[in-house]
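The values are calculated or read from the model by the stated rules, or taken from the named source; none is laboratory data. For clarity, every value in this text was computed on a predicted model and none was experimentally measured. Methodologically, a virtual Cβ is constructed for each residue, glycine included, from the backbone with ideal geometry; neighbour enumeration extends over all protein chains shown.
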Amino acid sequence: MKCPCGSDRPYADCCGPLHAGLSGAPTAETLMRSRYSAYARRDEAYLLRTWHPSTRPKHVDFEANLRWVRLDVQRTAQGSLFDSKGTVLFEAHYTMDGRPGAVKEHSTFVRENGEWLYVGEAGK
Ligand SMILES: [Zn+2]
């Protein structure tokens, strides 16, 4: 099975080990991709544990009729192995009741104790 994040790699060699807690995301973009995959797979636990405590919701709601179909990472800034923060601009495509749509977000990530965490939309 190909990974939902669009890497063209099998899930088991891509976001799977991250979701299973076997490895950590080396970069902000990797974390962002793994969170998109987690939305596609409705993995609430992974989404919550990669969410910064300052902005983390109590739970994640998944739309029953929404299917994530494609992720386009458009731009990244910082977020490398040597950074402690980074941003990723992406567009995530979905279908809702069969109708196509997309959300675009400029996300901010920070790295604490060696782990990348999602903070929220840049500038908010
Ligand atoms: Zn992946």
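Could you check the range 61-93 and list, in sequence order, the residues that are hydroxyl-bearing (Ser, Thr, Tyr) and touching a helix residue (DSSP H, G or I) at 6+ places or on another chain (Cβ under 9 Å)?
So the first thing to find is which residues in the range 61-93 are hydroxyl-bearing (Ser, Thr, Tyr), and the list is 76, 80, 84, 87.
Of everything in the range 61-93, those that are hydroxyl-bearing (Ser, Thr, Tyr) and touching a helix residue (DSSP H, G or I) at 6+ places or on another chain (Cβ under 9 Å) turn out to be 76, 80, 87.
What pairs come out if I take residues in the range 58-76 that are under 10 Å from residue 91 (Cα atoms) and pair them with residues that are in a loop (DSSP other than H, G, I, E, B) whose C-beta lies under 7 Å away, six or more apart or interchain?
70/6; 71/5; 71/6
Among the helices (runs of 4 or more DSSP H) lying completely within the range 15-122, list those that include at least 2 residues that are within 14 Å of the ligand (Cβ to nearest atom) and at pLDDT 95 or above. Outline the logic, then answer.
Details: elements: 16-19, 28-41, 44-49.
Answer list for the range 15-122: 16-19, 28-41.
Look through the range 38-82, keep the residues that are more than 23 Å from residue 22 (Cβ to Cβ) and among the charged types (D, E, K, R), and return whichever of them is surrounded by the fewest Cβ atoms within 10 Å (Cβ to Cβ).
Only one residue tops the list, namely 58.
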